[in-house]
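Here the structure comes first, spelled out in structure tokens, and everything after it is commentary.
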Amino acid sequence: MKEFIETSNLKFTFGSCSNCEANCCNGLRGTTYSQILKEEFVKIYKNFPILFIFGDLGFIKPVIILTNGKDYCPYQKNQRCTIYEDRPTVCRTYPLSPNLDNNIYVDSSCPQINQSSNVLVENNRIFDDSYKNEIFNNYQEKYINTHFEFENLKKEDFKNILKIRNMDFYIYTGQSSSEYLKMHKESIENLKNLISKKETDFIKF
């Protein structure tokens, strides 16, 4: 179970991913899906399915599906990422995460947190250059702009096509068009890497 906590007034060190069994890529232990910004679509849609969820207030949110909740990420082989240079932002920044309050959070359950003297983050400042990422800059503004991109789409134009760990995921079947909806539709093909062909055969636009 992930435990993201704010890094304000706190310091966290980080060991090495090479000392871990790739728990973050494990569908049973790691992240099944992650909300994404519209800026991330272009880097994601060729390798992973981009679907949608509905938040507590009914707002539509784009997400990347990383695992089927049971198996490792399909691009993880022998504890190595086979698309390392093209891996999604959520993988690049883990165990760190941006947040709507524009603070940086860290997954304190990551096995390599505080396993060395190498400072990863302290008081919302990232010290390890390899984890610095544009997504941490003005995240709230980018999040809101992503919301505005999809806010006018009608809920009845979405079809529930997948459930993982009691979370429902949707595809868009309406008539609206945009570069992001186009990438969303093209990305559905990547569901075949995560679930069986039998389960994906019924997904039609």
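Among the residues of the range 21-32, count how many are out of contact with any helix residue (DSSP H, G or I) (no Cβ under 9 Å at 6 or more places or on another chain) and either at pLDDT 95 or above or under 14 Å from Cys81 (Cα atoms) (or both). Matching residues across the range 21-32 total 4. Annotation note: of Ile144, Ile188, Ile135, the sole residue that is in contact with a Ser or Thr (Cβ under 7 Å, 6 or more places away or on another chain), at pLDDT 95 or above and part of a helix (DSSP H, G or I) is Ile135. Of the residues examined, Lys77 is not one that is among the charged types (D, E, K, R) and under 30 Å from Glu156 (Cβ atoms). Take the conditions (1) out of contact with any strand residue (DSSP E or B) (no Cβ under 8 Å at 6 or more places or on another chain); (2) surrounded by fewer than 13 Cβ atoms within 10 Å (Cβ to Cβ); (3) free of Cβ contacts under 8 Å to residues at least 60 places away in the same chain; Asn102 misses just one of them, which is (2). Which members of the range 78-92 meet the condition of being in a helix (DSSP H, G or I) and either open to solvent by 40 Å² or more (accessible area, probe 1.4 Å) or hydrophobic (A, V, I, L, M, F, W, C) (or both)? If the condition is that a residue be in a helix (DSSP H, G or I) and either open to solvent by 40 Å² or more (accessible area, probe 1.4 Å) or hydrophobic (A, V, I, L, M, F, W, C) (or both), then Tyr84, Glu85, Asp86, Val90, Cys91, Arg92 are the ones that fit.
Total residues in the range 147-170 satisfying the condition of being in contact (Cβ under 8 Å) with a residue 60 or more places away in the chain, open to solvent by 50 Å² or more (accessible area, probe 1.4 Å) and not in a loop (DSSP other than H, G, I, E, B): the figure is 3.
Can you name the residue in the range 52-77 that is closer than 21 Å to Asn145 by Cβ and under 11 Å from the mean Cα position of the chain (by Cα) and is also surrounded by the fewest Cβ atoms within 10 Å (Cβ to Cβ) among such residues? Ranking the candidates gives Val63 first.
Which one is nearest to Lys154 (Cα to Cα), of the residues in the range 175-185 that are assigned to a loop (DSSP other than H, G, I, E, B) and open to solvent by 70 Å² or more (accessible area, probe 1.4 Å)?
Gln175
Screening Cys24 with (1) in contact with a Pro (Cβ under 8 Å, 6 or more places away or on another chain); (2) of a type in the set (A, V, I, L, M, F, W, C); (3) open to solvent by 40 Å² or more (accessible area, probe 1.4 Å); (4) under 18 Å from Leu162 (Cα atoms) gives one miss only, at (4).
The values are calculated or read from the model by the stated rules, or taken from the named source; none is laboratory data. What you see is a predicted model; the values in this text were computed from it and never measured. No Cβ is skipped: glycine too gets one built from the backbone with ideal geometry, and neighbour counts run over all protein chains shown. The protein model used for the area step is the full one, side chains on, heavy atoms only, and it has no ligands, DNA or RNA in it. Shrake-Rupley method; radii C 1.70, N 1.55, O 1.52, S 1.80 Å.
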